[in-house]
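Step one of this worksheet: look at the structure below.
The values are calculated or read from the model by the stated rules, or taken from the named source; none is laboratory data. Since the structure is predicted, the reported quantities are computational estimates derived from the model, not experimental observations. When we count neighbours, we look across all protein chains shown, and the Cβ atoms used for this are built from the backbone with ideal geometry, even at glycine.
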Amino acid sequence: MNNGHWEFEREMSPKTHQGFVYLIINKLTQRVYIGKKRYFSVTTLPPLKGKKRNRKQFKEMAWRSYTGSSVELNENIEKLGKSNFSFICLCECETQAELTYTETKLQFDMNVLTDVMPCGERKYYNKAIGAIKFLPPKVVAESTRNKLREKAYLLPRGTCTHCGYTCDIANLARWHEDNCRDKPNEQPNDIGPETSKGKT
Ligand SMILES: [Zn+2]
């Protein structure tokens, strides 16, 4: 395999992919960086004589030895040596959109801007997600999250005719009305005629 310093389960393939999302781990501190790397750079060239459309020139980049775009991380690598770092390819992406989405999604999901290690140091070298820079963590309040859930997932409410309990219609149908524990027991009427017939 010719994956350079990247650990990956198979041969990395610029022929079929636009780039990859990676993880770089400082093995001494367990501090990490999540980023993406494109396999190709794109240069726009002027149109050929007599043509109108610009041309695009794709050039494979030096991704095999790439050490991430974080200045702090690269200073650490310089100081401690590459052998103290793991370079892991998480996945390859077939389109630029997938590449951008995957990187951003992982950075948000892993809380790269706010996560802190037991020692108090930030877990991630990342200082931005897309255009969002690292600021003293202004965590989204749980009450804000709850408000979103309440509004976005709000279902109409109704009241059970048997017990008078009020809740959303999904729960009403599931636990009340015909399924309500307080629903009058109609069993005697339902089986009544047959039973009485039999008895008479
Ligand atoms: Zn009920």
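Just to be sure, is Lys105 at pLDDT 90 or above and surrounded by 10 or more Cβ atoms within 10 Å (Cβ to Cβ)?
yes
Output the residues belonging to the stretch 1-23 that are of a type in the set (Gly, Ala, Ser) and within 21 Å of the chain's Cα centre (by Cα).
Gly19 - this is the single residue of the stretch 1-23 that is of a type in the set (Gly, Ala, Ser) and within 21 Å of the chain's Cα centre (by Cα).
Quick grid of which residues meet (1) assigned by TED's automatic domain parsing to the domain that holds Ala128; (2) in contact with a Ser or Thr (Cβ under 7 Å, 6 or more places away or on another chain); (3) crowded, with 17+ Cβ neighbours inside 10 Å; (4) touching a residue at least 24 places away in the same chain (Cβ under 8 Å):
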| site | (1), (2), (3), (4) |
| --- | --- |
| Ser13 | no, no, no, yes |
| Arg31 | yes, no, yes, yes |
| Leu45 | no, no, no, no |
| Met61 | yes, yes, no, yes |
| Gly68 | yes, no, yes, yes |
| Glu72 | yes, no, no, yes |
| Glu78 | yes, no, no, no |
| Ser86 | yes, no, no, yes |
| Thr95 | yes, no, no, yes |
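Each row is one residue, and each column tells you yes or no for (1) of a type in the set (A, V, I, L, M, F, W, C); (2) modelled with pLDDT of 95 or more; (3) in contact with a His (Cβ under 6 Å, 6 or more places away or on another chain).
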| site | (1), (2), (3) |
| --- | --- |
| Lys59 | no, no, no |
| Arg64 | no, yes, no |
| Ser70 | no, no, no |
| Leu73 | yes, yes, no |
| Glu78 | no, yes, no |
| Gly81 | no, yes, no |
| Cys89 | yes, yes, no |
| Glu94 | no, yes, yes |
| Glu98 | no, yes, no |
